[in-house]
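Chemist: Mind having a look at this structure? Questions to follow.
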Amino acid sequence: MRLDAQIPSGPLADKWDNHRFSVKLVNPANRRKYHVIVVGSGLAGGAAAATLAEQGYNVSCFCYQDSPRRAHSIAAQGGVNAAKNYPNDGDSIRRLFYDTIKGGDFRAREANVYRLAQVSVNIIDQCVAQGVPFAREYSGYLDNRSFGGAQVSRTFYARGQTGQQLLLGAYSSLSRQIGLGTVKMYNRHEMLDVVIVDGHAKGIITRHLVTGAIEAWSADAVILATGGYGNVFYLSTNAQGCNVTAAYRSFKRGAGFANPCYTQIHPTCIPQHGEDQSKLTLMSESLRNDGRVWVPKKIEDCPLDPKMVPEEARDYFLERKYPSFGNLAPRDISSRAAKEACDSGRSIAPGGQGVYLDFADAIQRLGQKAIAERYGNLFEMYECITGENAYERPMKIYPAVHYTMGGLWVDYNLMSNVPGLFVLGEANFSDHGANRLGASALMQGLADGYFVLPATLPNYLAEVGANRPSLEVAPFKAAIEAVKERTARFLSIGGKRSARSFHVELGKIMWEKCGMARSKQSLEEALQEIPALREAFWKELCVPGTGESLNMELERAGRVADFLEFGELLCRDALAREESCGGHFRVEYQTDDGEALRNDEAFAHVAVWEHKGDAALPERHQEPLVYEAVKFSTRSYK
Amino acid sequence: MAAPCNLSGSCIPSLFKKYLMALTGFVMVGFVLVHMMGNLQMFRGPDAINQYAHFLKTLPGALLWGMRGFLIVAIGVHVWMAILLTKENRAARPQGYLKQAVVRATWASRTMGLSGSLLLFFIVFHVLHFTTRVIFPEYQMEDYYTILEGDVVFNVYQMVVDSFSKPWVTGFYLFAMGALCLHLSHAVWSMFQTLGWTNKRTRPMLKGLARVYGWVIFIGFVVVPLGVISRILPPMMGDEEVIILSIEAEPFDSESL
Amino acid sequence: MKLFLKIWRQPNAAAVGAFEDYVLDNISPDASFLEMLDQLNEQLITQGKEGVAFDHDCREGICGMCSLTINGIAHGPRRATTTCQLHMRHFRDGETVTIEPFRARPFPVLRDLVVDRSAFDKIIQSGGFISVRTGSAPEANQTLVAKPDADRAMDAAECIGCGACVAACKNASAMLFVSAKIVHLNTLPQGAPEKNRRLLNMVKTMDEAGFGNCSNYGECEAVCPKGIPLDFIGQLNREWAVAKMKDIVSGVE
């Protein structure tokens, strides 16, 4: 596998400029001769499709939802970072770059991250011009806030719905192009395979989710913006439909999958209520500004009404362990501390998964009104889901899978190792290293879609020329047949179990054996259990109905089938990475006081997995990470 | 997609139809107020109402027919738009719900079509009854003319009193006024909303105003038949017994009323 | 909890649908409404029957994909709540619950409870945007936006495009949806240059899609999970008149 990151030469700050000058361009008159497929319509996909169409390319955009406006970028709450330095508090492109590299635990590429920080500034301009109603001061200027423990206020936000507003901005640009006829939008189409012709990605196979039609589409380049794979854990904050299929199918066609073990767990989610639960809901991290996290010191106090547990019998474990950051310790650290507390038997929720987030002190200090002003909508949401009043009773929270930093490997141009296959947003691995900072996902998705890809794609297109293959060539015919066969197989197993039941079981294995804390033993167990589960899946699955109609069980079966393979890859990556970094914590690799222990000598690289056929194990490749502008350091939040 | 322009009105923008609905409604909202004030002349005695009626009838023909024409056109457009809009609204949901709950919509707003149809029927009846007087041809007889300040004028007062002495006429009239009240209590604020003359602050006020207006108009109209029934408005002529009865009930002094 | 369910089943857009009755037991009051339907589907699938198709995605009340008319109310009985955020504790044990798709001519049923809401996308495509090319935006703080305007735009922009307004309206009118987008974009200075064009085009597309007319019932506002107010329809009406007048006098396009 050839892994050339294509990082431009020159000083870090000039790389992007130099690169943009050196790439080939496509003449405006020739652009309409090129056809580009964009899969996914979230921040990255929607922005890319709209921008490429504006430039004059023929774009076809696909999404599985009923409208491009529903992509899961919409659920991001907090905000979007940008190095505007409006508050004049010492921010700069270099500081955003450094914070992102450090936050990613030194497992991201310098050049990519620096470019991200550079274009972050343009993102805000673009979004404001589109009519994104960011929060403003009375003067009419844009407001900023500090987010996720950052030392500068660089986060732009639109109430608690920043993701929604940014997505609606991208959706409006995309809609404009659809209206103009430059983008053909295919809603309720799910990509089931990528087609490689002569080594280049030249098309995709989709299933029309309403009619069941399996169709082939050819293009000069294929762009995947298909999101993350958090749903491999079954319960996560992802939308129900989020899946790994597009990325995993590409992996099986030769694209390298990078760092699948980097998964982010968010500390403040509403705990699971029971076995029938389908999803975990995130509560904004901002709650930790005023809430205190605790569990009872004694196991026997756990079932008590929290009010009956006296102050001295409570363990405010974050404040105890991290006196300087306290309840504001970073996501991975807070999550792990909550897990430790619960693993010691002191969970306050049934099922051993829950700690208190208590506002009693803040309410006493500031009054209920002040707290309601700050978090009213969150308290309402909590009440809506749990039926409990958090003004009177502490909230119950527990960590949940939230974001995945790993993804398909891409070079500086966002092209995978398969020429013509570009990967954007959460679906690629590029910018967050082993851990993502708050308010950076939106930034990356939009940077990729609005500014990076539209500058790098023409280079590829100009090189290969406009010659998309006919749908009659062998690779298309073979791919479409393979998809049809697979679909028929799901329908013909004739077992007794639903796809969901397998997904639930896979999720349990993943969460317990490869969740917040992983060990060699647990991962090896998972690697035994997952193939067994997969075998059962192909024997006992039941998919009622036909393939020629809207069949949600069939859709789910396809996604679960891929998760059942991908989960194994994730565990394999976690097993191979013998260190703890960012969202990947191996219990064998920790300091004496239980902090993550990185191994920069052996593991300062990107792990890229290559598919070697269904019978063989995937092969692990490395892309070394070279740091020229920053020095390794250890995160400390004591 | 756009249908060709024809009488079905599908080429007219929906908001234009709504505007016509609101503007013609506005004309009628004003008209009923003036009409009601005119009716209240009844309580100033037979001469007052007869004189008022005579004044209206002897307006220059162009003016009188201009006003009548304006009203007829307003009603016509209002009805036409109502039919078009209702047809479109029905077509917009070919398959209804098995169960449809109402969360906030008022009864008045949901029965505008019904109250409106009833009012249209009432208006026709009302014109045939009091204006062209074909429903009770006796109103065209000599008996119903009287002399006022030397002119022979039509005795509106007597016609009203005689009409409302018929229970079914009074019943229908009261019922129609109820429909009018209901219609107005949604129409008045809805008109402002459709014309866009509302905002967060004025909307609740206008909703209140609409209710008050509906009731004011209702009361203003129904006091006349109620007055007749209760003999506060006694007959002017005819049956001696009736006059005696009414004198017993209350001294006949039109000025004091 | 035990529930008696009456659910609309329709194999495809062309087929004739009908209600079917189901009994579901052991429902947790903490489960969401969609989790209750998941549970029903599990039950059906293990019997080899096809599950009830319904739209859903984020299950946190923001994507706007979930729908359902529950006991005659779009998104069910709880105010300002999408179906996915509605929990079973708001139902009584032993209750009969009627579940229907959103009904409107522009929202044809695709299967069971799944409807096609692409008419909304078409309305946005005809004008629900600010025509700015990527890269041509000026410095973000160059155009100031008064806070009340920014807040009003945000109030309107919260619309999730779920279509409950249409489903609840006796006339299946889409005015609340259209007004939310109009108020969002027309309130901001960035949206001002295309204000009239946007309005006329969006209303035209709305009409062509076959939605009904606004009779100011207020049902839309009552069921809107994001509390979009009727006042926005007032603003739409007002600005449309101005735009149409300009169009008649001097032409807008």
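Chemist: Out of A:L378, A:L304, A:L366, I need the residue that is open to solvent by 10 Å² or more (accessible area, probe 1.4 Å) and either among the β-branched types (V, I, T) or farther than 30 Å from C:S28 by Cα (or both). Which one?
Modeler: Numbers: A:L378 fails: either among the β-branched types (V, I, T) or farther than 30 Å from C:S28 by Cα (or both); A:L304 fails: either among the β-branched types (V, I, T) or farther than 30 Å from C:S28 by Cα (or both).
Only one candidate qualifies: A:L366.
Chemist: Could you list, in sequence order, all residues of region A:123-151 that are at the interface with chain C (Cβ under 9 Å from one of its Cβ atoms), open to solvent by 50 Å² or more (accessible area, probe 1.4 Å) and closer than 18 Å to A:D89 by Cα?
Modeler: Scanning region A:123-151 gives A:E137, A:Y141.
Chemist: Can you name every residue in region C:152-169 that is acidic (D, E) and closer than 12 Å to C:I73 by Cα? So that I can check it myself, show each step before the final result.
Modeler: Step one: filter region C:152-169 for residues acidic (D, E), giving C:155, C:158.
Passing the criteria: none in range.
Chemist: If you don't mind, there's one more thing I want to ask. Examine region A:392-399 for a residue that is buried (at least 18 other Cβ atoms within 10 Å of the Cβ), of a type in the set (K, R) and in contact (Cβ under 8 Å) with a residue 12 or more places away in the chain, and state whether such a residue exists. Working first, answer last.
Modeler: Within region A:392-399, the subset buried (at least 18 other Cβ atoms within 10 Å of the Cβ) is A:394-399.
Next, only the ones that are of a type in the set (K, R) stay: A:396.
Retained after the next criterion (residues that are in contact (Cβ under 8 Å) with a residue 12 or more places away in the chain): A:396.
Yes, region A:392-399 contains at least one residue that is buried (at least 18 other Cβ atoms within 10 Å of the Cβ), of a type in the set (K, R) and in contact (Cβ under 8 Å) with a residue 12 or more places away in the chain.
Chemist: Within the group A:Y262, A:Y316, which residue is over 15 Å from A:Y356 (Cα atoms) and under 34 Å from the mean Cα position of the chain (by Cα)?
Modeler: Working: A:Y316 fails: over 15 Å from A:Y356 (Cα atoms).
Exactly one residue qualifies, and that residue is A:Y262.
Chemist: Now a separate question. In region A:165-188, is there at least one residue being aliphatic (A, V, I, L, M), over 24 Å from the mean Cα position of the chain (by Cα) and in a helix (DSSP H, G or I)? Give the derivation first.
Modeler: Restricting attention to region A:165-188, the residues satisfying the condition of being aliphatic (A, V, I, L, M) are A:166-168, A:170, A:174, A:178, A:180, A:183, A:185.
Among the residues that remain, those that are also over 24 Å from the mean Cα position of the chain (by Cα) are: A:178, A:180, A:183.
Adding the requirement that they be in a helix (DSSP H, G or I) leaves A:178, A:180.
Looking through region A:165-188, at least one residue is aliphatic (A, V, I, L, M), over 24 Å from the mean Cα position of the chain (by Cα) and in a helix (DSSP H, G or I).
Chemist: Another one. Give the number of residues within region A:420-437 that are small (G, A, S) and open to solvent by 10 Å² or more (accessible area, probe 1.4 Å). Write out each step before concluding.
Modeler: Going residue by residue through region A:420-437, those that are small (G, A, S) are A:420, A:425, A:427, A:430, A:433-434.
Among the residues that remain, those that are also open to solvent by 10 Å² or more (accessible area, probe 1.4 Å) are: none.
Number of matching residues: 0.
Chemist: State whether the residues of region B:230-241 include one that is of a type outside the set (G, A, S), modelled with pLDDT under 95 and assigned to a helix (DSSP H, G or I). Talk me through it step by step, then tell me what you get.
Modeler: Pass one, region B:230-241, residues of a type outside the set (G, A, S): B:231-237, B:239-241.
Within this subset, residues satisfying the condition of being modelled with pLDDT under 95 are B:231-237, B:239-241.
From what's left, assigned to a helix (DSSP H, G or I): B:240-241.
Checking region B:230-241: at least one residue is of a type outside the set (G, A, S), modelled with pLDDT under 95 and assigned to a helix (DSSP H, G or I).
Chemist: Let me ask something else about it. In this structure, does A:G179 turn out to be within 14 Å of chain C (Cβ to nearest Cβ), open to solvent by less than 30 Å² (accessible area, probe 1.4 Å) and at pLDDT 95 or above? Full working, then the answer.
Modeler: Working: within 14 Å of chain C (Cβ to nearest Cβ): yes; open to solvent by less than 30 Å² (accessible area, probe 1.4 Å): no; at pLDDT 95 or above: yes.
No.
Chemist: Quick check on my filter: what residues within region A:152-161 are among the aliphatic types (A, V, I, L, M) and more than 7 Å from every other protein chain (Cβ to nearest Cβ)?
Modeler: The answer is A:V152, and nothing else.
Chemist: Same structure again: Could you grab me the full set of residues in region C:198-253 that are of a type in the set (V, I, T), in contact (Cβ under 8 Å) with a residue 24 or more places away in the chain and over 28 Å from C:T82 (Cβ atoms)? Outline the logic, then answer.
Modeler: In the first step, residues of region C:198-253 are kept if they are of a type in the set (V, I, T); the result is C:203, C:205, C:223, C:228, C:233, C:242, C:248-249, C:252.
Subsequent filtering for residues that are in contact (Cβ under 8 Å) with a residue 24 or more places away in the chain retains C:203, C:205, C:223, C:228, C:233, C:242, C:252.
Hits for region C:198-253 are C:V242, C:V252.
Chemist: Another question, if that's okay. So which of C:A209, C:A137 is over 23 Å from B:N199 (Cα atoms), in contact with a helix residue (DSSP H, G or I) (Cβ under 9 Å, 6 or more places away or on another chain) and at the interface with chain B (Cβ under 9 Å from one of its Cβ atoms)?
Modeler: Values: C:A137 fails: at the interface with chain B (Cβ under 9 Å from one of its Cβ atoms).
Only one candidate qualifies: C:A209.
Chemist: Checking A:A602 against (1) open to solvent by less than 30 Å² (accessible area, probe 1.4 Å); (2) free of Cβ contacts under 8 Å to residues at least 40 places away in the same chain, which single condition isn't satisfied?
Modeler: That leaves (1) as the condition not met.
Chemist: Among the candidates C:F102, C:F91, which residue alone is at negative phi and either touching a Gly at 6+ places or on another chain (Cβ under 8 Å) or open to solvent by 30 Å² or more (accessible area, probe 1.4 Å) (or both)?
Modeler: On the way: C:F91 fails: either touching a Gly at 6+ places or on another chain (Cβ under 8 Å) or open to solvent by 30 Å² or more (accessible area, probe 1.4 Å) (or both).
Of C:F102, C:F91, the one residue that is at negative phi and either touching a Gly at 6+ places or on another chain (Cβ under 8 Å) or open to solvent by 30 Å² or more (accessible area, probe 1.4 Å) (or both) is C:F102.
Chemist: Something else: Looking only at region C:5-35, count how many residues are open to solvent by 30 Å² or more (accessible area, probe 1.4 Å), farther than 16 Å from A:L550 by Cα and β-branched (V, I, T).
Modeler: 1
Chemist: Of the residues in region A:602-630, how many are modelled with pLDDT under 95 and charged (D, E, K, R)?
Modeler: Qualifying residue count for the region: 2.
A quick yes/no check of all residues on (1) buried (at least 24 other Cβ atoms within 10 Å of the Cβ); (2) in contact (Cβ under 8 Å) with a residue 60 or more places away in the chain:
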residue	(1), (2)
A:L43	yes, yes
A:G46	yes, yes
A:S60	no, yes
A:V121	no, no
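Chemist: To continue, here is another question. Scanning for something among the charged types (D, E, K, R) and modelled with pLDDT under 95, does region B:45-64 turn up at least one residue?
Modeler: yes
Chemist: Being aliphatic (A, V, I, L, M), at the interface with chain A (Cβ under 7 Å from one of its Cβ atoms) and part of a loop (DSSP other than H, G, I, E, B) is the filter; apply it to region C:140-178 and report the residue that is farthest from B:T86 (Cα to Cα). Don't jump to the end; show me each part of the working.
Modeler: Filtering region C:140-178 down to residues aliphatic (A, V, I, L, M) leaves C:140, C:144-146, C:150, C:153-154, C:156-157, C:160, C:164, C:166-168, C:172, C:174-176, C:178.
After this cut, where a residue has to be at the interface with chain A (Cβ under 7 Å from one of its Cβ atoms) as well, the list is C:140, C:144-146, C:150, C:153-154, C:157.
Checking which are part of a loop (DSSP other than H, G, I, E, B) leaves us with C:144-146.
Values: C:L144: 44, C:V145: 41, C:A146: 41 Å.
Ranking the qualifying residues of region C:140-178, first place goes to C:L144.
Okay, residues lined up against (1) touching a Ser or Thr at 6+ places or on another chain (Cβ under 9 Å); (2) assigned to a helix (DSSP H, G or I):
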site: A:Y403; (1), (2): yes, no
site: A:V418; (1), (2): yes, no
site: A:G445; (1), (2): yes, yes
site: A:T456; (1), (2): no, yes
site: A:L461; (1), (2): no, yes
site: A:A466; (1), (2): no, no
site: A:K484; (1), (2): no, yes
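Chemist: Do you know which residues across region A:538-577 are without any contact (Cβ under 8 Å) to a residue 12 or more places away in the chain and in a helix (DSSP H, G or I)?
Modeler: Hit for region A:538-577 is A:M552, nothing else.
Chemist: For the condition in contact with a Ser or Thr (Cβ under 7 Å, 6 or more places away or on another chain) and either facing chain A (nearest Cβ under 10 Å) or modelled with pLDDT of 95 or more (or both), what is the one hit in C:D30, C:D38, C:D21, C:D25? Walk me through it before giving the result.
Modeler: Values: C:D30 fails: in contact with a Ser or Thr (Cβ under 7 Å, 6 or more places away or on another chain); C:D21 fails: in contact with a Ser or Thr (Cβ under 7 Å, 6 or more places away or on another chain); C:D25 fails: in contact with a Ser or Thr (Cβ under 7 Å, 6 or more places away or on another chain).
On inspection, the qualifying residue turns out to be C:D38.
Chemist: Checking A:Q164 against (1) within 7 Å of another protein chain (Cβ to nearest Cβ); (2) free of Cβ contacts under 8 Å to residues at least 24 places away in the same chain: exactly one of these is not met. Which one?
Modeler: So the condition that A:Q164 fails would be (2).
Chemist: Collect the residues in region B:103-127 that are within 7 Å of chain C (Cβ to nearest Cβ), open to solvent by 40 Å² or more (accessible area, probe 1.4 Å) and part of a loop (DSSP other than H, G, I, E, B), keeping them in residue-number order.
Modeler: Result: B:V103, B:R104.
Chemist: Could you list all residues from region C:105-132 that are out of contact with any helix residue (DSSP H, G or I) (no Cβ under 8 Å at 6 or more places or on another chain), open to solvent by less than 20 Å² (accessible area, probe 1.4 Å), more than 7 Å from every other protein chain (Cβ to nearest Cβ) and not aliphatic (A, V, I, L, M)?
Modeler: Of the residues in region C:105-132, the ones out of contact with any helix residue (DSSP H, G or I) (no Cβ under 8 Å at 6 or more places or on another chain) are C:108-118.
Pick out the ones that are also open to solvent by less than 20 Å² (accessible area, probe 1.4 Å) and you get C:109, C:111-115, C:117.
Checking which are more than 7 Å from every other protein chain (Cβ to nearest Cβ) leaves us with C:109, C:112-113, C:115.
Hit for region C:105-132 is C:D112, nothing else.
Chemist: What are the residues in region B:177-210 that are farther than 25 Å from B:Q158 by Cβ, free of Cβ contacts under 8 Å to residues at least 60 places away in the same chain and either away from chain C (no Cβ under 14 Å) or under 16 Å from the mean Cα position of the chain (by Cα) (or both), if any?
Modeler: Result: B:G178, B:C181, B:G208, B:L209, B:A210.
Chemist: Farther than 30 Å from A:F233 by Cβ and outside any helix (DSSP H, G or I): is that true of A:N413 in this structure?
Modeler: yes
Chemist: Output the residues belonging to region C:52-87 that are touching a Leu at 6+ places or on another chain (Cβ under 8 Å), touching a residue at least 40 places away in the same chain (Cβ under 8 Å) and more than 14 Å from chain B (Cβ to nearest Cβ).
Modeler: The answer is C:V52, C:A53, C:F54, C:D55, C:C66, C:T83, C:C84.
The values are calculated or read from the model by the stated rules, or taken from the named source; none is laboratory data. If you're wondering where the values come from, they're calculated on a predicted model, not measured in any experiment. Here Cβ is always computed from backbone atoms with ideal geometry, including for glycine, and neighbour counts include all displayed protein chains. The protein model used for the area step is the full one, side chains on, heavy atoms only, and it has no ligands, DNA or RNA in it. Shrake-Rupley method; radii C 1.70, N 1.55, O 1.52, S 1.80 Å.
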